[in-house]
Each structure stands twice: as C-alpha cells, then as structure tokens.
Amino acid sequence: AAYWAYNSLDLLVRIAIEHYAPQVAGVSVKVGAVAISAADGRGVGKGLEIGNPTGFAAPHAVQEGEIRVALDPSTLRQPVVRIRDLTVLSPVITYERGDHGTNLEAIRKNIQGYIQASGGPSETRPAEAQHGRRKFIVDHLALRGARVTMTSPQLRGQGVTFSIPDIELRDVGRRQGGLSASEIGDI
C-alpha cells in the first residue's frame, strides 16, 4: 500500500485538490495534471480551473496556466511547513461584478466562512489559541503573467481584458508564525 501511494502521489494530490478545494472555496475546482517529486519537495500543477459562484455568468473565475511549489521536505512533519516557493504562472482571472458584489469577493467570503467554521481565527478564537493545525510559511510567492477580464453578467464573460504587473510577496506567514492553507489562499 505504501509503495502504491508513493508511486501514485500525483493522482492522490489531484484527487485531494478536486475534493477539498470546492469545500473551501465554495465553487467547482478542476485540475488538468499534477506532478509531484517527494524526494525534493517540488510539485507542478497544470490546468487548474476555479469555477464561478452561483449568480455569475462567466464559466470560471480563474484558470491557471501552471502552479509551481517547492517545499522544504525536512519541515513536512513539523507544525509549520516551510514553502520555499509558490509561483502561479499565466493565470486568467475573470473579475465579474454582479448585483451583490464580485465573483472574487464571493469566493473570498466562502474561504473566510470555511476558516471560521473549521476553527480558524476569529475575535473569540485568536490564531495563537489553535493547537494541532498545520501551518505554512511561504518564503516566496509570485503571480506572473496574469491577465484579467472585467465583466458583468449581462456581458456573459465578455469584457475588457488587460495584463497586470507581476506580484512578488516574501515571507508570507512568517510574522504570524505560520498561516493555514485557507488563510494563504485568502491572501
């Protein structure tokens, strides 16, 4: 069983993303392909598609070209996992304004709701009070080659498309002693 799991890691990760991410984001999530190297802690995901919340007309909110992750394998069994690099390449983001806000705001609210419901930080439950939750520190987080389409339901996914400058963040979660995966997704 361990041999099969090790050799099927790509499939297991893909299934886990497609199973758990919709619960967190409240929208459909599909992955084209995943390639994981357990030996050096590197992984690549291609063709990630994040659906649009109910009430929005565009077929998806985000399509990622490629996501690259590099972990520090020595921290995988620690309470705080160190991610050396998390890079998102060529995402196509649909920013759709509806009657009750935008699609990205709706997904963000879904993530925040999931964090609250799963025992995440709140006014009565600060992050320091959580025990046993896996946290992450991301040394380098990058978003490169992103294109955004601004639209409204009346335009059915059509709208104004433009590129945004590359985004580079460093030491995400370091000041807090680590963040949950949901909190990093919220950022």
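Here, each number is a calculation from the coordinates, and none is a lab measurement. Keep in mind the model is a prediction, meaning the values are calculated, not measured. All Cβ positions, glycine included, derive from the backbone under ideal geometry; neighbour counts span all protein chains shown.
Here the simple spin-label model places points 7 Å from the Cα toward Cβ, and for L89 and Q112 these points are separated by 3.4 nm.
For V29, the amide hydrogen comes within under 5 Å of the amide hydrogens of G51, counting only partners 5 or more places away or on other chains and with H modelled in the peptide plane.
What whole-number volume per residue, in cubic angstrom, does the convex hull of the C-alpha atoms of the stretch 34-83 give? Intermediate values should be presented prior to the final figure.
Details: hull volume 4.8 nm³, N = 50.
With only Cα atoms used, the stretch 34-83 gives 96 Å³ per residue.
Per Stokes-Einstein, at 20 °C and 1.002 mPa s, what whole-number D in µm² s⁻¹ belongs to the chain, with the Kirkwood radius over Cα pairs as the hydrodynamic radius?
On the way: Rh = 17.7 Å.
Approximately 121 µm²/s, per Stokes-Einstein.
Axis of helix 103-117 versus longest Cα principal axis of the chain: the two differ by about 40°, to the nearest ten degrees.
Multiplying the residue separation of I167 and D40 by 0.36 nm and removing their Cα-Cα distance gives an extension gain of 43.2 nm. Computed extension gain for A33 through D99, at 0.36 nm per residue and net of the alpha carbon distance, reaches 20.3 nm. Spin-label model, E18/R147: points 7 Å from Cα along the beta carbon direction are separated by 2.6 nm. For the chain, the mean residue ellipticity at 222 nm estimated from helices alone is -7000 deg cm²/dmol, where every DSSP H run of n ≥ 4 contributes -39500 (n - 2.57) and the total is divided by all residues, rounded to the nearest 500.
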